[in-house]
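The values are calculated or read from the model by the stated rules, or taken from the named source; none is laboratory data. Keep in mind that this is a model prediction, so the values were computed, not measured. Heads up, the Cβs are rebuilt from the backbone with ideal geometry, glycines too, and the neighbour counts pull from every protein chain shown. Just so you know, the surface numbers come from the protein's heavy atoms only, side chains and all, with ligands and any DNA or RNA stripped out. Shrake-Rupley method; radii C 1.70, N 1.55, O 1.52, S 1.80 Å.
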Amino acid sequence: MLDPELLERITARRAELDELEEQLVKQLSEVRAERDELAVAERVLERMSEQLADERASVAPALGQVGGRAVMLIPHRTSGMEETTLPPDYQRILAAVRQATGPVMAQQVGGALGIDVSVRGKLEPQRGKLVRLVERGWLRKLPDGRFTTLKGVNIPIRLLSWAFPVDGEAVGVAWCGTR
């Protein structure tokens, strides 16, 4: 006959092992789920890296997808990057700002481009493009809301009363006139 104490110990140990097996199965499923998530993240990262490399390699502006719609991506300005990497309408905006005798408002840029500035709905897209050029480092927006080029702020010398920093260096201080 079997010893009842031994049977009880065997049954207790079997229960412990069953519980441990359940924990290990649960852990294993969690590990597998996390590995699957990491594999997906790795594929996404690879795809994004390839897209970024392709965008940097291309000279022309690239089309991207936002909300299922094709949109033109405006590249961030880097040293040596030409304006030709921008879409033609953005190049015209830059030319209008550059040709101005000083900082310009969005309304002035719209007028220079032949847009009916009396209709707010036609001016706002231009303002959005100007802001996008500022965000990407192609233009500078002054605190008063006017836009100007980056290299040497295009303000007539007679209007300067303080220095505007350009790439960390002051471009100069001029004061003409009296206070």
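Please turn the phi angles of segment 119-126 into ³J(HN,Hα) values with the Karplus equation 6.51 cos²θ - 1.76 cosθ + 1.60 (θ = phi - 60°), one per residue in order, whole Hz, x for glycine and proline.
Values, residue by residue: 9, 4, x, 8, 8, 4, x, 5 Hz.
Give the accessible area for S79 in Å² (nearest 10); use a 1.4 Å probe, count only protein heavy atoms, and leave out ligands, DNA and RNA.
For S79, solvent-accessible area is about 120 Å².
Ignoring everything but the protein chains, give the 1.4 Å probe accessible area of L73 in square angstrom, nearest 10.
Surface accessible to solvent at L73 totals approximately 60 Å².
Taking the Cα centre of segment 77-137 as origin, sum charge times position over the Cβ atoms of Lys and Arg (+1) and Asp and Glu (-1), and report the length of that vector in debye to the nearest 20.
Working: 9 positive and 6 negative charges, 24 e Å.
Result for segment 77-137 is approximately 120 debye, rounded to the nearest 20.
For R69 and R98 in one chain, what is 0.36 nm times their gap in residues minus the Cα-Cα distance, to one decimal in nm? Don't jump to the answer; show the numbers that get you there.
Values: separation 29, 0.36 × 29 = 10.44 nm, distance 3.17 nm.
Answer, rounded to one decimal: 7.3 nm.
Can you give me the solvent accessible area of K26 with a 1.4 Å probe, rounded to the nearest 10 Å²?
Only protein atoms counted, so the area is about 130 Å².
When the chain is fully extended, how far beyond the present Cα-Cα distance does V131 get from R32, taking 0.36 nm per residue of separation? Mind dumping the intermediate values first?
Working: separation 99, 0.36 × 99 = 35.64 nm, distance 4.62 nm.
Gain on extension, V131 to R32, equals 31.0 nm.
Points 7 angstrom from Cα along the Cβ direction at T78 and V25: gap in nanometres?
5.3
Could you work out what % of the accessible surface of segment 1-54 is carbon and sulfur, using a 1.4 angstrom probe and leaving DNA, RNA and ligands out of the count? Write down the numbers at each step before the final one.
Values: 3020 of 5440 Å².
C and S fraction of accessible area: 56 percent.
In whole angstrom, note down how far apart the Cα centers of segment 119-134 and segment 4-19 are.
So the separation of the two Cα centres works out to 77 Å.
Remind me, relative contact order of segment 1-150 in percent, using alpha carbon pairs under 8 angstrom and six or more residues apart? Can you show the working numbers first?
Numbers: 108 pairs, mean separation 23.5, N = 150.
Relative CO of segment 1-150 lands at 16 percent.
Using a simple spin-label model with points 7 Å from Cα along the Cα→Cβ vector, what separation in nm is obtained for T11 and R43?
Modelled inter-label distance: 5.0 nm.
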